[in-house]
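Inspection log for the structure reproduced underneath, given as structure tokens.
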């Protein structure tokens, strides 16, 4: 690069007037794009000004022209390169999905490793030094945490807890078995080497065991990457994935143990005992640290109702600090991170706004996705770069032993575990568990950390580790999908969680707890119930703000469901189209038991609106609108045409489509009503719009011939509410009794409760319902 | 199951084991519990159940207790409620919670599913008419949310309504506006919970119990 620039200087007639800076500090050659840039800039230099030309000829020090444009790569080198890598990773990810057939056959991880290999090869060809990208520091502190946090935060707690015993046995005993089996047999094989004067004889037992412990751990990154694409059923997924997460503690302990012993050279019984104690400390300590940070995060989120914007930051920072704190004490950082995410999630989600929730979800997914991509690319790059020491015996024996150990381990452990499980693991399950034991970058990084002085065969180890990783990721990763199809393993159920299932889940929980109590048996369900009650009574009050602390799970679920359906409705764009969950024409009137007709006789098939009703409805509507006007306190920067207070396009869409629905219904209704047909805009609505009230489009307006249910989406205190107003209002409503109208036919609120009334978000489940007036009995459905 | 070892002094266990599928050990443990609950009488009554302290904070307590006195659960093809039950009926009701064995054919699995779902259905259908009406379903949800005070009561209705709507949609598909959905029949109930995997969830581990140490 320097040479190119000096070339420019040579060429340019007026050296001292060159518009290009000669502050060229380049520590390493920069890539060619900057060369091109310079080449482009040169012709644009202006001819020299005469004024300065007349300086003393022999004078070297002349006045330097002010550099209008300069190039300083060193200044931004590190962030630039990091960004380039991230950009490369993202572009690769993008590219793979544009080639549909490829992503179906080959798992993404394989493709990324190949890309890494290519990039590494390119860099090497260019004669440059390959950056030590998979530097252990960088890997463990920057690349790994996002993936683990993403996994921990979204860990499905219920199946995890139900299978915790199995997962622990696989993670702890399985990994121990693997490590000792592989290490021991490798040592044996190395010792029995015939006259071949390889350096394998130098290999002692302890380094072998250390190698065994590094290569035996199932890797969460690889498992996630591959299993995500095969959509296997939840049980198997959580078993393999849980094992890959929890075996970190074992790996950490074994690694440090053997490393220490390698320095010393001998092992005593005391050391073994200390090792076991150390394992307990590492595992439980990690979980404890994570739980503490999780509770702190939950507690902090209780007070964030006024500063919604930085809510996601708390989640991320507390989790990362949990990881770092655990690593500081050489505890298991992964377990800390999982514990933190899992502990804080229920409370944080109850406290934060809907938007923050979305932010957290997307940020976590984004970071973990980029991390994962980078890890695989770097694996490829590091493969090209590293000094390899290929030893046929060692490598092949390692690969074979890994497979064999895994199979034997899984089969043996399952035999024991099945004695205690209600849902036994079948042979198919065992096969998938064994086959899904993929190794990944963690093994490589741990190998990388080995000190050369203590382990002279470090390169050989690294080569073997990389081979194992490649084998598992490529061979097992690529073939697991066809195998799953072939063996007809149960796949993940795509069905949506319905409200019925949720009701019955809860019902079953209580039922089983009750039966256990009747049996006098303090079992699984009993303790779970006790924990739940403790949680509800004390913990939730502490960690969840406001009224949400009392909300039972069923109701929370119900709110979420409604929210989802609302969003679906908006996205589907049609007002008259039914939500996808219910593609039928069944409406509430089909379900409600028939009641004796009201005062007004019903003449036609379709129920009608009695005259008196309309007036009552108008009254309700008016009071509704007034109350809504009182509620508006927030300033909103998104001003749409007719509604200065409109909260966002989403709301407008919902309202607009309800308006369309309404108009349709009114047109239908006009044929049936005995009252004169109301104009598309009822007087109330006109008045409302004149007052530029966002509730102008409020659905609770016009009377309707076909009554149905309106689903109330969000109560004022529900953080699931999409409405920004809620969040501002919530502060002022902490004392109010939460009252959820949901599907009832009652008026949105009683006159006595200012501000406790409904949020403008209403989703018509089937057809809109005007709602009876305030002074009616609530239980009477609005059906004649 | 099926092993003909007879416990000394309890030849009648063979009969019960045959009927309910429990092993002799399990039967003797449950018998001990039965005697404990009934204060060594021959039959259990409702107030015996009410004495169990742990059960008192269970929101669906009354429904669970009623299930024990519901003749439909006795596999005797009779209906109605009784006032007291003997050990055999106790055991039969408990057998609904037995975990399925490892090697079962699909038919057997299906029949186990049906049996368990029938039990649940009977719990919901309190008036014995073979359908779960809206009122009954509302009652179920209300009981579940009964510990939440006034908040629960209002939402319970909406949740029950939504759930009922879902059942109707799944089962009936298309309905005219003036048609009326009577209630959830057993077939609809089966269809509704077809993905629920009840045979693996509705189970109690009966063997690892040592009830004599617990004086409840």
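Coordinate-derived values only; no laboratory data. These figures come from a predicted structure and were not determined experimentally.
May I ask you to give the average projected area over all directions of the convex hull of the Cα atoms of segment A:233-381, in nm² rounded to one decimal? Walk me through the numbers before you get to the answer.
Values: hull surface 46.5 nm².
Its average projected convex-hull area is 11.6 nm².
Measuring from the lowest to the highest alpha carbon on each principal axis, how far does segment A:329-446 reach, largest first, in angstroms?
Taking max minus min along each principal axis of the Cα atoms, segment A:329-446 gives 58, 48, 32 Å.
Equivalent ellipsoid semi-axes for segment A:244-316, as square roots of 5 times the alpha carbon gyration tensor eigenvalues: give them largest first, rounded to whole Å. Can you show the working numbers first?
Details: eigenvalues 318, 26, 14 Å².
Equivalent ellipsoid of segment A:244-316: 40, 11, 9 Å, largest first.
To two decimal places, what compactness ratio does segment A:228-268 give when its Cα radius of gyration is scaled by 2.2 N^0.38 Å? Could you put the intermediate results ahead of the total?
Details: Rg = 16.4 Å, N = 41, 2.2 N^0.38 = 9.0 Å.
For segment A:228-268, the normalised Cα radius of gyration comes out at 1.82.
Where does the Debye-calculated log10 I(q)/I(0) of segment B:1-122 sit at q = 0.10, 0.11, 0.14 Å⁻¹, using only Cα point scatterers of equal weight, no solvent?
Evaluating at q = 0.10, 0.11, 0.14 Å⁻¹ gives log10 I(q)/I(0) of -0.34, -0.41, -0.67.
First obtain the Kirkwood hydrodynamic radius of segment A:479-545 from its Cα pairs, then insert it into the Stokes-Einstein equation at 20 °C and 1.002 mPa s, and state the resulting D in µm² per second as a whole number. Let's see the in-between values first.
On the way: Rh = 15.4 Å.
For these conditions, the coefficient is 140 µm²/s.
Can you give the convex hull volume of the alpha carbon atoms of segment B:38-91 per residue, in Å³? Don't jump to the answer; show the numbers that get you there.
Working: hull volume 4.3 nm³, N = 54.
Given the Cα convex hull of segment B:38-91, per-residue volume reads 79 Å³.
Any chance you could get the radius of gyration and Dmax over the Cα atoms of segment A:136-487, in Å?
Taking only Cα atoms of segment A:136-487, I get Rg and Dmax of 20.5, 76 Å.
What is the P(r) of segment B:44-181, as percent of Cα-Cα pairs per 5 Å bin from 0?
Spelled out bin by bin, segment B:44-181 gives 2, 9, 14, 17, 18, 17, 13, 8, 3, 1, 0 percent.
Give the relative contact order (percent, whole number) for segment A:136-487; include only Cα pairs under 8 Å separated by 6+ residues.
26
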